[in-house]
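A.B. asks: Would you mind keeping the following structure in view while I ask a few things?
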Amino acid sequence: MSKLAERYGPWAVVTGASAGIGAEFARRIAERGVNVVLIARRRKRLEELASTIEDMYRVEARVAPVDLASRDLIEVLQPVLADIEVGLLVNCAGYGSSGPFLDMDRSVQESMINVNCRASILLTHEIAQGMRERGRGGVIFVSSVNGFCASRGMANYNATKAYDLLFAEGLAEELRPYGVDVQALCPGSTLTEFHRVAGLDARQFGPLTRLIVATPTAVVATSLRALGRRVTVIPGVLNKLVVLTLRLMPRRVSTWLFGLMVDRVAKGN
Ligand SMILES: NC(=O)c1ccc[n+]([C@@H]2O[C@H](COP(=O)([O-])OP(=O)(O)OC[C@H]3O[C@@H](n4cnc5c(N)ncnc54)[C@H](OP(=O)(O)O)[C@@H]3O)[C@@H](O)[C@H]2O)c1
């Protein structure tokens, strides 16, 4: 049995498993002998990943194609989770958008809060009860470097990621005495479908792009290595430097500077 399976238990739940960082989490967790529940909307993607995982890693993979913004989220997921011991929860699903807040679709902004924040706290409330009773477990919240700073052009997204970050840091303190490890994972720009969905173009970093944009493989490896050792995890030296610099500045200045970066990568600018 791998260390991960021994430490956390037989099953993991990964949201946002149909693409990007979530799909990579699912593969790397399954590789360590933990069965996985894959959650996202795109059923076909989830089924393909589940089949690959079962063939490659000889673990069980269940799919739960659901919209994490739905009102009855927990009621829908309860039957999928009822007969399994979930020791690891990765709250990874999320999306962003860019542009002036008042010009963007209101329902997309509302749904962003539901997917990026509400779904994660509801799932954690449902699943981490068992972890606390058993005295072992792990919960990862995928926040972002954006969670450390406000920004024009991404005001709502950055606020959702700040919520994830602060919630995870608070919960980590609460659950530590019960043997449950909580992590706030704060990636910087990562090569996934995120930028296309958010209307951003990371290539606008020019020659620095390759230096700045990470792969999901690197992000997930850092997260799993740090789980149980550190609460706030910022993959990459450059991202750590960015966060440190932002924290040292007056908030008005860091907000203005972050806005410059968003202006640069937002499509249409
Ligand atoms: N990529 C970056 O640069 C970056 C940087 C920092 C933080 N992050 C964070 O990393 C997390 C993962 O993003 P990613 O980069 O891997 O982007 P991605 O490739 O676009 O993946 C996003 C995942 O979230 C799922 N999702 C979105 N809306 C959903 C909904 N309503 N219901 C259920 N699932 C939903 C998507 O699945 P379906 O479309 O199939 O539903 C997909 O699996 C996000 O929380 C994001 O904020 C990303």
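The values are calculated or read from the model by the stated rules, or taken from the named source; none is laboratory data. Please read all numbers here as calculations on a predicted model, not as lab measurements. All Cβ positions, glycine included, derive from the backbone under ideal geometry; neighbour counts span all protein chains shown.
A.B. asks: Taking the residues in the stretch 1-42 that are part of a strand (DSSP E or B) and aliphatic (A, V, I, L, M) as candidates, determine which candidate is farthest from the ligand (Cβ to nearest atom).
C.D. replies: The qualifying residue farthest from the ligand (Cβ to nearest atom) is Ala12.
A.B. asks: Can you tell me which residue in the stretch 80-137 is surrounded by the most Cβ atoms within 10 Å (Cβ to Cβ), limited to those that are of a type in the set (Val, Ile, Thr) and in contact with a strand residue (DSSP E or B) (Cβ under 7 Å, 6 or more places away or on another chain)?
C.D. replies: Of everything passing the filter in the stretch 80-137, Val90 is surrounded by the most Cβ atoms within 10 Å (Cβ to Cβ).
A.B. asks: Could you please let me know if Val220 is assigned to a helix (DSSP H, G or I) and under 24 Å from Gln109 (Cα atoms)?
C.D. replies: no
A.B. asks: A follow-up question, please. I'd like the full set of residues that are within 16 Å of the chain's Cα centre (by Cα) and either assigned to a strand (DSSP E or B) or more than 20 Å from Leu224 (Cα to Cα) (or both), limited to the stretch 131-146.
C.D. replies: Gly138, Val139, Ile140, Phe141, Val142, Asn146 - these are the residues of the stretch 131-146 that are within 16 Å of the chain's Cα centre (by Cα) and either assigned to a strand (DSSP E or B) or more than 20 Å from Leu224 (Cα to Cα) (or both).
A.B. asks: Please state which one of Val253, Val265, Val233 is surrounded by 12 or more Cβ atoms within 10 Å (Cβ to Cβ) and at pLDDT 95 or above.
C.D. replies: Val233
A.B. asks: What are the residue pairs meeting all of these: first residue in the stretch 240-257, first residue under 19 Å from Ser144 (Cβ atoms), second residue among the aromatic types (Phe, Trp, Tyr) and not in a helix (DSSP H, G or I), Cβ atoms under 9 Å, and 6 or more apart or on different chains?
C.D. replies: none
A.B. asks: Another one. Could you check the stretch 163-197 and list, in sequence order, the residues that are within 12 Å of the ligand (Cβ to nearest atom), in a helix (DSSP H, G or I) and surrounded by fewer than 19 Cβ atoms within 10 Å (Cβ to Cβ)?
C.D. replies: Scanning the stretch 163-197 gives Arg196, Val197.
A.B. asks: Can you list residue pairs whose Cβ atoms sit under 9 Å apart, with the first residue in the stretch 43-68 being part of a loop (DSSP other than H, G, I, E, B) and of a type in the set (S, T, N, Q) and the second being modelled with pLDDT of 95 or more and within 11 Å of the ligand (Cβ to nearest atom)? Count only pairs 6 or more apart in sequence or on different chains.
C.D. replies: If the second residue must be modelled with pLDDT of 95 or more and within 11 Å of the ligand (Cβ to nearest atom), no pairs are left.
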